[in-house]
Amino acid sequence: MPTRRTYGDLGDACRAANALDLVGDRWTLIVVREVILGPKRFADLQEAVRGITPAVLTERLRLLQDAGIVEQVVLPGPARARAYAATEWGRGLGGVLEALGRWYSAGPDPGTAGGMTPDAMVLAMRTMAPAVPGAVPVLALRLYDGRRPDPPVHDYRVSAGGGRLDVRAGAAPGPAATVTAEATAWSAVLFDGLPLADAERDGAVRVEGDRAAVARVVRLFSAPAG
């Protein structure tokens, strides 16, 4: 196999170019996207990164580990399964993904096709997080990918801090409401104008608890930027 030449090998000292040597290949940033919020097993990554082959995923993970962006971890529990997680440095690519999302959204045709994984949806919420006037009750957000058979449900916590909406992985203790939703349907509610009531009627979104608190968060995303 021929040796891969980097931008540095070609005489380009630009740090953005050298960063692309690490994450510029197809699939690489998508793999990183799926491990920024928490570890995933190889099989989960295979499902989340649509279209990637096992061989390519293995190679991307090897390169990301060699670069110090991703590391192997052991999940807690009796199975002690191996998984992959972003390193502290690797998690810094979350800001890169958010910047790319904002850049694409400002373009002439920001529409997309396909579906969203739960972590991709949460990163999209972070990217488009609106200013929050006043307090927002803590919400539990439970997302799943309806494209998967028997999909696992992922837990997130929605709150507000410093005038901005904060969304992060993990269960929310004592939430005002719990939203259980198919990730792509939740994206349609927040970003595409699908009425919350319609998504509930279709069964793609289920709200338990203070529905008014959930409706307020939805309205924040639909409000024009001021």
With charges set only on the Cβ (+1 for Lys and Arg, -1 for Asp and Glu), what does the dipole of the range 1-111 come to about its Cα centre, in debye to the nearest 20? 260
Which value, in debye to the nearest 20, gives the size of the charge dipole of the range 114-222 about its Cα centre, when Lys and Arg are +1 and Asp and Glu are -1 at the Cβ? 280
Starting from the Cα-Cα distance between residue 56 and residue 169, subtract it from 0.36 nm times their residue separation and give me the gain in nm to one decimal. 38.0 nm
Putting +1 on Lys and Arg Cβ atoms and -1 on Asp and Glu Cβ atoms, find which of 220, 139, 18 reaches farthest to the positive end of the dipole of the chain. 139
Shape call, the range 114-222: gyration tensor on alpha carbons, a/c limit 1.5: rounded
Which of the peptides 210-216, 30-36 is most tightly packed, and how do the rest follow, going by the mean number of other Cβ atoms within 10 Å of each residue? 30-36, 210-216
For the pair residue 18/residue 99, report the inter-label distance in nm, with labels modelled 7 Å from Cα in the Cβ direction. 1.6
With charges only on Cβ, +1 for K and R and -1 for D and E, what is the dipole size of the chain about its Cα centre, in debye, rounded to 20? 240
Distance (nanometres) between label positions extended 7 Å along Cα→Cβ at residue 4 and residue 41: 2.7
The list (i) 15.2; (ii) 11.4; (iii) 17.3 gives values of mean projected area of the Cα convex hull in nm², and only one came from this structure; which label was calculated from it? (i)
How much of the DSSP beta bridge set in the range 114-222 is antiparallel, as a percent to the nearest 5? 75
In the chain, taking the dipole from +1 charges on Lys and Arg beta carbons and -1 charges on Asp and Glu beta carbons about the Cα centre, the listed residue (149, 43, 177) farthest towards the positive end is 177
Relative contact order of the range 1-111, please, whole-number percent, based on alpha carbon pairs below 8 angstrom and at least 6 residues apart. 23
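Just so you know, all these numbers are worked out from the coordinates, no wet-lab data involved. Only a predicted model underlies this, so the values are computations on that prediction, with no experimental measurement involved. FYI the Cβ positions are ideal-geometry reconstructions off the backbone, even for glycines, and counts take in every protein chain you see.
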